[in-house]
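What follows is a set of notes on a single structure, which appears directly below.
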Amino acid sequence: MRKVAIAGAGMTRFSGKQPRTAIELFGDAATDAIRESNIRSQDVQALFMGNFMGDFEEGQAHIQAFAADYLGLARIPANRYENACASASAAIRDAFIWVASGYYDIVLAGGAECATKMGTPLATRTFAMASDSRYEYASGLTFPGVFAMLTHLYARKYNIPLEKLKRQLYQVSINSHYYAARNPKAQYQKELTMEDALKSPMIASPLQLVDCCPFSDGAAVLVITSEDVAKKLTKKPVLIAGVGQASAGNLLSQKEYLPRIRSRELAAAQSYKMAGLGPKDIDLIELHDCFSTAALIALESLGFFPYGTAGDAVEKGETKIGGRIAVNPSGGLKAKGHPVGATGAAQAYEVVRQLRGECGERQVEGARVGMTDTLGGDGGTLCNIILKRGW
Amino acid sequence: MEAKLTFKDFNEGLKQGKLSGLKCQGCGELIAQPRILCGKCGGSEFDSIEFAGPGSIQTFTVNYVAAEGREAEAPYIVAIVELDEGPWVMGNIVGLKPEAATIDIIGKRVTLSGVAVFQGDKYSAGEAARPLFKLL
Ligand SMILES: [Zn+2]
């Protein structure tokens, strides 16, 4: 296997409702990534595009072929990845594998989504399609409902009073907003106070709106090349040191593990092993905080804190920049936004910027190794990617 | 090969108040939803079984924001119940006001008390039943 690097990364600002199509957003991010990589667009050999719900958002299935054409690349193979919220991470992992194998030298991988085009009732319906249509949705389970049930389970399993856990969860969202307010690409550019959090409406008990990521539009794209190619193109290639991916069935079939997410533990172990690194080596993580509880569960399954203690760590500031592990310095899904099909690529975009030291006020000083963590559905897909400086 | 238990079998059974499942002949695993191979041992031979109905609440949520087409149902209680035989199933808790569903209901005994059917929408290829549980 060859070593593989990210030669360049591009990302639109994430936002609420806006007029452009997902293909146009993808084009913006892709051309920025191509320009930054110092390649010509014609050098791209394949396009791997994450997109969750183009069919419902814009009546656009098969979006990848049209995205390739929009970029003047109609001749190359283009594949769509639909792994719910982990779509772009699955695309990046496959791009890594194809380049590592030697089959391709230069691949564009990322994703785009225009979730706000659906409106909340249809978006709530379509997001629920990423859980089990027969044995979960029949009961009226929605996506906030999945993590609401995991929150109650978490509180009970680790014997944490719900009031205390709720306070810790508010702090997760407050931290995300703090960093998003310092990220010009973030959907929400304002901080959140405990007072705002307390009066937020209930969505699925015990989760309130403040615990939930928004519906978002946006795109993010990476240029993925062999290490040799990347070193000729850029002074600061970012190496893909390790990747992992695993699957799971519905919540009912995850009985033995919940609230732990087994697919995450498998994927993380693969990525740590491939990179020859462990949790202690990671300077920052962009993790899947689709709901505040999801962040705590991720921090524990990834090995940063013992089970049942991530909330305490958040309260002590150990997940802030300068703490034990810098968590979601981009603002995370919660406040940077969560255009589903683009999210994994946006996580990688932030890690690339951090490793290069380009993040200004929210820079993790001296960051050398970063990780992404992306969860699709109710744990149905889990991808982890470890990135490190290649210079 | 043909599956021993299909969605149609499961759904029709549930509508008549039966919680259908599978017992793996290879490892004895009990499963409360259709599957073609055993997740534990990979076995393909199953016996059909029926679960009795009693169990305990493992977790729940009161959902206030329903998906398109199901707004009239909200608020409602979704729960995961561990059947006495072991497997987990998802359903709704009935006979309890949503505002009374606090974390204290976790661990409480329940039993199958009926069935409700999501009649389906234009996306769902028809109906899907779910069990209703009441506190014992
Ligand atoms: Zn078996």
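The values are calculated or read from the model by the stated rules, or taken from the named source; none is laboratory data. These numbers come from a predicted model, not from an experiment. No Cβ is skipped: glycine too gets one built from the backbone with ideal geometry, and neighbour counts run over all protein chains shown. What goes into the accessible areas is simple: the full protein's heavy atoms, side chains included, and nothing from ligands, DNA or RNA. Shrake-Rupley method; radii C 1.70, N 1.55, O 1.52, S 1.80 Å.
For the reader, a short list of remarks on this structure follows.
- Within-9-Å neighbourhood charge of A:F56 [Cβ basis; K, R +1; D, E -1]: -1
- Förster radius 25 Å - calculated FRET efficiency between B:K108 and B:K40 (Cβ-Cβ, nearest 0.05): 0.30
- Computed from the Cβ-Cβ distance with R0 of 30 Å, the FRET efficiency linking A:K316 to B:S48 stands at 0.05.
- Among the cysteines of the protein assembly as shown, those with no neighbouring cysteine Cβ under 4.7 Å are A:C85, A:C114, A:C212, A:C213, A:C290, A:C359, A:C383.
- DSSP bridge pairs, chain A: antiparallel proportion in percent, nearest 5: 70 percent
- Of all lysines in the structure, those lying under 20 Å Cα to Cα from B:K40, and not within fewer than 8 positions of it along the same chain, are A:K255, B:K4, B:K23.
- Carbon plus sulfur fraction of accessible area for segment B:55-135, probe 1.4 Å, in percent: 52 percent
- A prolate overall shape is assigned to segment B:7-51, the ratio a/c of its alpha-carbon gyration tensor axes (a ≥ b ≥ c) being 1.5 or greater and a/b exceeding b/c.
- Most mobile listed residue (A:S292, A:S133, A:S271) in chain A, GNM with C-alpha springs under 10 Å: A:S133
- Segment B:7-51, dipole about Cα centre (Lys/Arg Cβ +1, Asp/Glu Cβ -1), debye to the nearest 20: 140 debye
- For chain A, built as a Gaussian network whose Cα springs stay under 10 Å, the top-fluctuating residue of A:G379, A:G332, A:G110: A:G379
- Mean partner shielding of peptide B:64-76, defined as the number of other chain Cβ atoms within 10 Å of each residue Cβ, is 6.
- Mean projected area in nm² (Cα convex hull; one quarter of hull surface) for the protein assembly as shown: 23.0 nm²
- Paramagnetic reach from A:Q189 in segment A:209-237 [backbone N under 11 Å; point 7 Å along Cα→Cβ]: none
- Remark: accessible area buried at the A-B interface is about 3300 Å², both chains counted, probe radius 1.4 Å.
- Per-pair calculated FRET efficiency, R0 = 56 Å: A:R389 and B:E12 via Cβ, rounded to 0.05: 0.40
- Loop sites in segment A:316-391: GluC sites (Glu not before Pro), DSSP, at most 11 other Cβ within 10 Å: A:E358, A:E365
- The lysines within cross-link reach of A:K231, meaning a Cα-to-Cα straight distance under 21 Å and a gap of 8 or more places when in the same chain, are A:K3, A:K388.
- Mean-position separation - Cα centroids, segment A:288-321 and segment B:21-68, in angstrom: 30 Å
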